[in-house]
Amino acid sequence: MRPLILFIACLTAFTAFAQKSKTATITPNKKAVIQSVDSHTTEMTGISDKIWAAAETAFNESQSSKLLADYAEANGFKVERGVAEMPTAFVASFGSGKPVIGILGEFDALPGLSQKTSPVKDPVNVGQPGHGCGHNLFGTASLGAAIAIKELIAQGKLKGTIKFFGTPAEEKFFGKLWMARAGLFNDLDVCMDWHPGAETKPAVQTGLALVDFIVEFNGQAAHAAADPWNGRSASDALELYANGINYYREHVKPTVRIHYHIQDGGQVVNVVPDYSRIWVRVRDSKREGVNVVYERVMKMAEGAAIMANVEHKISLVSGIYEVLVNRTGAGYMQKNLELLGPNTYTPEEITFAKKIQESTGKEQVGLYSKVEPMDETLENSGGGSTDVGDVSWIVPTIRLSAATAPIGTPWHSWAVVACGGMSIGHKGMTQASKLLAMTMIDLFEDPAKVEAVKADYRKNRGDAPYKAMIPDGPPPLPK
Ligand SMILES: [Zn+2]
């Protein structure tokens, strides 16, 4: 054979082999969950769009939670509503015995981000909430994956238990903390999770631990001009406190972030304010780092109160752990992503994406549509925080990011809301649902894989005790 012919013959044989081994690896159960998600796509899209339109914020998610819980119930799950003292939290279970695999689903929106499914900023109702983090897709995709697994358990093709967790208030109070304190994750072998993003890949970065607390200053009101010497100003204390924090920024490690939101700085100009209130958030890449900064900024509040001659009170809101990454589990997810392949987009979707990029001042590169090797896990990944961190300290947690918005989209913005209510978001949702279900198949079918994921978790986690960082008593539900 001439070299070129030989080369072509070899290439043909190799391609045939590669295709055969690829189809051989999509097992019947994995095919079945892909088909299940496809068959539920219309219903899932309908639920996601309703949650998108309702756009309910932390602990107000009554319609969103009900949509998902009702759908779980209609699909044969046993649903326990109002768990962990939160009316919008629920657990939907199916099956019995081991393994017990959990999957998380969020559904809360963000204030002020109302937006139509338009590639330019155009609110439905100015100032009203919107799904700027894609949680309408998040909860729905996870439930779709749980249903796909349930169907195989019901058919006797898998053995074990699947549990979907409807987890409220991720954006403000971190609802999973109360579920963690109630022990709801304790019986899981492995927990699955995903989040909408601009790329589809296993999520292998840790995020930041944080603590949230409120400082209130109480002084003495007086006429601001007639007898200010009788006044002890709570807003003086607040300003001194904020100044202290801002000087302190120079002396913290580069991984630390400190934010505050002045919630009450006095009401009128002619009264020495007797009350002020500030919400403070401290973050660092590790929980221990957060604790150091937390102690220090609490002392500063005391110092500010002494200087202004007022009283102060500190109230813990909640605190979350950094995520423990499980690279073994992420590796299974990666293999499934390679099997499933990337999402593809229509010319209309690509045009929409580029318009979004134009509107937000980003390079017009369109959408993520490829499969890349798994990312390295960075020691300090930066980024945001999630209450999934706490779950990952209780049980090994495998995480995914799926593209629901164009590359470079500013997160927690109107642009994410726009994409989450149309086909770009819907495609990310079904892709996530399939990948989560396929990876759960690996766990249900192979106890050795569950053990490998657990071994990775034990090595990463160490022996430090886990304790949900929340005050005693019920969660801060709206009055
Ligand atoms: Zn989110």
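The values are calculated or read from the model by the stated rules, or taken from the named source; none is laboratory data. Bear in mind that the values here come from a model prediction, so they are computed numbers and not experimental data. All Cβ positions, even for glycine, are placed from backbone atoms using ideal geometry, and neighbour counts span all protein chains on display. The accessibility values were calculated without ligands, DNA or RNA, using every heavy atom of the protein model including side chains. Shrake-Rupley method; radii C 1.70, N 1.55, O 1.52, S 1.80 Å.
Just a few scattered comments:
- Spatial separation of Cα centroids for region 71-109 and region 221-281, in angstrom: 43 Å
- For region 37-176, with all protein chains in place and a probe radius of 1.4 Å, 52% of the accessible heavy-atom surface sits on carbon or sulfur.
- Helical contribution to [θ] at 222 nm, DSSP H n ≥ 4, -39,500 (n - 2.57), averaged over the chain, rounded to 500: -14000 deg cm²/dmol
- Diffusion coefficient (Stokes-Einstein, Kirkwood radius over C-alpha pairs, 25 °C, 0.890 mPa s) for the chain: 102 µm²/s, rounded to a whole number.
- Put simply, when 33-42, 163-172 are sorted by average Cβ atoms within 10 angstrom per residue, most first, you get 163-172, 33-42.
- Heavy-atom accessible surface of region 260-342: percent carbon and sulfur, 1.4 Å: 54 percent
- Rounded to the nearest 10 degrees, the angle from helix 135-154 to the longest Cα principal axis of the chain is 40 degrees.
- Net charge contributed by nearby residues that have their C-beta within less than 11 Å of Leu443 (K/R +1, D/E -1): -2
- Dimensions of region 70-226 based on its C-alpha atoms, expressed as ranges along the principal axes with the largest first, amount to 81, 41, 33 Å.
- Cα-based shape type of region 309-384, given that a ≥ b ≥ c are square roots of the gyration tensor eigenvalues and the cut on a/c is 1.5: oblate
- Stokes-Einstein translational diffusion, region 332-479 - Kirkwood Rh over all Cα pairs, 0.890 mPa s, 25 °C, in µm²/s: 134 µm²/s
- Sorting the segments 423-430, 274-281 by their mean number of nearby beta carbons within 10 angstrom, highest to lowest, gives 423-430, 274-281.
- For region 58-155, with +1 on Lys and Arg beta carbons and -1 on Asp and Glu, the positive-most of Val126, Leu137, Leu113 along the dipole: Leu137
- In region 256-409, Cα pairs under 8 Å separated by at least six residues give a relative contact order of 23 percent.
- Computed over region 226-327, the P(r) tail beyond 16 angstrom holds 60 percent of alpha carbon pairs.
- Environment charge of Gly389, counting only residues whose C-beta is closer than 14 Å and scoring Lys/Arg +1, Asp/Glu -1: -2
- Contact order for region 43-90, expressed relative to its length and based on alpha carbon pairs under 8 Å spaced 6+ residues apart, stands at 30 percent.
- Compared with the dominant Cα axis of the chain, that is its longest principal axis, helix 423-445 is turned about 70°.
- Evaluating 6.51 cos²θ - 1.76 cosθ + 1.60 at θ = phi - 60° for every residue in region 65-82, the Karplus couplings come out as 4, 5, 4, 6, 5, 5, 5, 4, 4, 4, 9, x, 6, 7, 10, 10, 9, x Hz, glycine and proline recorded as x.
- Mean accessible surface per residue for the chain, computed with a 1.4 Å probe while every protein chain stays in place, in Å²: 43 Å²
- For the Cα trace of region 156-303, dividing Rg by the Kirkwood Rh returns an Rg/Rh value of 1.15.
- Relative contact order, whole percent, for the chain stands at 22, derived from Cα pairs under 8 Å and 6 or more residues apart.
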